[in-house]
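In what follows, a structure is listed as structure tokens, so that the remarks can point back to it.
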Amino acid sequence: MRRAALCAVLFAGSLLLLAVPAAAKKYRYATGPKATTDTTYAVADIEIEPIVRSRGPTVPATNLQLTALVAKAAFTHAMADVPLDSTDTVVLAPSGAHPLNFIAEHVVLRELARRGVTAMVRRTAVPDDSVSLVTADGDRRAPLLEYQIGSARITYLRLIGWLPGRVKIERQALVEATMTLRDREQSKVLWTGLASQNLLDSFPRSQLPLVEDPRFGELTSPPPERNAGRIIEPVIVVAIVAGLIALFFQNRP
């Protein structure tokens, strides 16, 4: 009897389970197959790896940098006694065209600014018959300060050293220029100065392409070469002396 009742209960439970509708279960995948990348066009990623350390690599100054350094010393020395103070205003102009006029202009402007002198800049020479027509500073006409670069060049003098990889080139930077301060109403010369300076230095021969700039022909020169005669001549002299010494000891009784 009990067994029949248990079977009836299990049968009723089965019917209830069949009556409940089944719920669909959803599954989400974190990863899956990716689409094939298009390699027809490639875009480069810019990456900069700066050298960060207490002291960077040692590189020689370029010919242009060395010329600017020499020009600064030359014009600063030339303007030491120019009769200008902080209350003056001048018109700065070149006396003639030169590819390196921008260096002289920069150096002179810095020196005038250090003195507190106000400057009006012209990039072309002022004709002698137009000096008095240059822009005036109110009722007071500012004097005309002119600069003229006669020579600015780099010369490679000689090679220093013999060991491979340790050979250096000795170079000279030279700047020759003049300065003139004129009264614009009467074209009277108020002051003249000579800006002349040169500097010698050396740099590794392997870094010659780094110091030159093809845009400035004045700042390049043919690299020096070894003179074979300077090497052969001492060798010949030493050989002759050694031969004479050997003969002397051979003929000695």
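A few points about this structure:
- Checked against the criterion of being closer than 30 Å to Ala61 by Cα, surrounded by 10 or more Cβ atoms within 10 Å (Cβ to Cβ) and modelled with pLDDT of 80 or more, the candidates Leu194, Leu190 yield just one match: Leu194.
- Leu181 meets all of the listed conditions (1) modelled with pLDDT under 90; (2) touching a strand residue (DSSP E or B) at 6+ places or on another chain (Cβ under 7 Å) but one, namely (1).
- Filtering the range 147-185 to residues that are among the charged types (D, E, K, R) and either surrounded by fewer than 16 Cβ atoms within 10 Å (Cβ to Cβ) or within 22 Å of Glu218 (Cα to Cα) (or both) leaves Arg153, Arg158, Arg166, Lys168, Glu170, Arg171, Glu176, Asp183, Glu185.
- Residue within the range 154-163 that is under 28 Å from the mean Cα position of the chain (by Cα), at pLDDT below 90 and not in a helix (DSSP H, G or I) present: yes
- Residues that are within 12 Å of Val175 (Cβ to Cβ), aliphatic (A, V, I, L, M) and more than 16 Å from the chain's Cα centre (by Cα) do not occur anywhere in the range 90-102.
- Taken over the range 72-101, residues that are hydrophobic (A, V, I, L, M, F, W, C) and loosely packed, with under 14 Cβ neighbours inside 10 Å amount to 2.
- Close pairs from the range 72-84: first more than 13 Å from Thr178 (Cα to Cα), partner crowded, with 16+ Cβ neighbours inside 10 Å and not basic (Lys, Arg), Cβ under 6 Å, at least 6 apart: Lys72/Val107; Ala73/Gln197; Leu84/Val117
- Taking the range 48-102 as the range and being within 23 Å of Ala113 (Cα to Cα) and among the basic types (Lys, Arg) as the test, only Lys72 passes.
The rows are residues; the columns are (1) out of contact with any helix residue (DSSP H, G or I) (no Cβ under 8 Å at 6 or more places or on another chain); (2) at pLDDT below 85; (3) among the aromatic types (Phe, Trp, Tyr); (4) under 30 Å from Ala80 (Cα atoms).
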| site | (1), (2), (3), (4) |
| --- | --- |
| Leu200 | yes, no, no, yes |
| Arg205 | yes, no, no, no |
| Leu210 | yes, no, no, no |
| Arg215 | yes, no, no, no |
| Arg226 | yes, yes, no, no |
| Arg230 | yes, yes, no, no |
| Val238 | yes, yes, no, no |
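- Some residue of the range 59-68 being more than 30 Å from Arg205 (Cβ to Cβ) and part of a loop (DSSP other than H, G, I, E, B): no
The values are calculated or read from the model by the stated rules, or taken from the named source; none is laboratory data. These figures come from a predicted structure and were not determined experimentally. All Cβ positions, even for glycine, are placed from backbone atoms using ideal geometry, and neighbour counts span all protein chains on display.
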